[in-house]
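Worksheet for the structure shown next.
The values are calculated or read from the model by the stated rules, or taken from the named source; none is laboratory data. Quick caveat: nothing in here was measured; it's all calculated off a predicted structure. Because the Cβ atoms are built from the backbone with ideal geometry, glycine has one as well, and the counts that use them run over all protein chains shown.
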Amino acid sequence: MTATTETAFQIINKTGRGPAVLLCEHASALIPPEYHGLGLAEEDLHSHAVWDPGALALAEALSAALDAPLVAGAVSRLVYDCNRPPEAPSAMPERSERIAVPGNAGLSPEARAARVAQVYTPFCDAVDRVLAARQAQGTPFALVTLHSFTPLWHGTPREVELGLLHDADSRLADAMLDHAAALPHRILRRNAPYGPEDGVTHSLQRHGLRHGLPNVMIEARNDLLADAAAVEAMADELLALLRPAFATLGLAEAHHA
């Protein structure tokens, strides 16, 4: 697989012909030097507030298995969260769970617009290019976004291990949930630990619904992505849901890696 890296994003397996295009908006913990760490405490610089631990490795494993193009964010979600529209306060949050983000406090409209131009617009433009190229191949495909979430939220443990999130189009999530029996050991939920009401389905709307693509946002609890073996195991579990779901929706695989 080849990778193309720009300031705000990287593209992996750009010419993949598989049944999905993958996004991983929160793939990177990088805070560019000009943001001075956003004033974060040292212990917070690699926390789940800054990125989605394990999500990129999981997305890369699925990209390889499905021959799927992958667009991944290359800048921390705290600089700009590419799964949020520019008007959302959570696009540049002043606080994430218990972590204050001083560098995002009281941003001027000009400062916000600069981050949109530096991060969000290039990321979305890259996704648009990849989707257009994949559409030009002439075979149907889905949009799948990959995320991870923390096992503890404001000190409360989260029981759910794997969430399948959707907005107005539930076709792909429904088809995956139809095969939930393939993962009898896994606590699998629809629209958990977040749902559309939490403002987390922007990418599904912007890149999936807008193009009429079946789409799903996958949330894996990050303690289940702690090392390479765990990531491989989770990728295999997701493939046990995705592959039959793709078949149900008539999205044929070019090959199995």
For this session: Out of the residues in the range 213-252 that are in contact with a helix residue (DSSP H, G or I) (Cβ under 7 Å, 6 or more places away or on another chain) and part of a loop (DSSP other than H, G, I, E, B), state the one that is surrounded by the fewest Cβ atoms within 10 Å (Cβ to Cβ).
Result: LEU249
Exercise. Of all the strands (runs of 3 or more DSSP E) wholly in the range 1-55, which have at least 2 residues that are in contact (Cβ under 8 Å) with a residue 12 or more places away in the chain and surrounded by 24 or more Cβ atoms within 10 Å (Cβ to Cβ)?
Worked result: 20-24
For this session: Kindly indicate which of ALA142, ALA91, ALA117, ALA111 is in contact (Cβ under 8 Å) with a residue 60 or more places away in the chain and of a type in the set (A, V, I, L, M, F, W, C).
Result: ALA142
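Determine, yes or no, whether ALA126 is in contact (Cβ under 8 Å) with a residue 24 or more places away in the chain and touching a helix residue (DSSP H, G or I) at 6+ places or on another chain (Cβ under 8 Å). Break it down into steps so the answer makes sense when it comes.
Numbers: in contact (Cβ under 8 Å) with a residue 24 or more places away in the chain: yes; touching a helix residue (DSSP H, G or I) at 6+ places or on another chain (Cβ under 8 Å): no.
Here the answer is no, as ALA126 does not meet what is asked.
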Seminar exercise, completed: Scanning the range 198-212 residue by residue, the ones that are part of a helix (DSSP H, G or I) and closer than 14 Å to ALA173 by Cα total 3
For this session: Filter the range 63-75 down to residues that are touching a helix residue (DSSP H, G or I) at 6+ places or on another chain (Cβ under 8 Å) and surrounded by 24 or more Cβ atoms within 10 Å (Cβ to Cβ) and give me whichever is nearest to ARG115 (Cα to Cα).
Result: VAL75
For this session: Would you check if there is a residue in the range 151-162 being in contact with a Pro (Cβ under 7 Å, 6 or more places away or on another chain), of a type in the set (Lys, Arg) and modelled with pLDDT under 95?
Result: yes
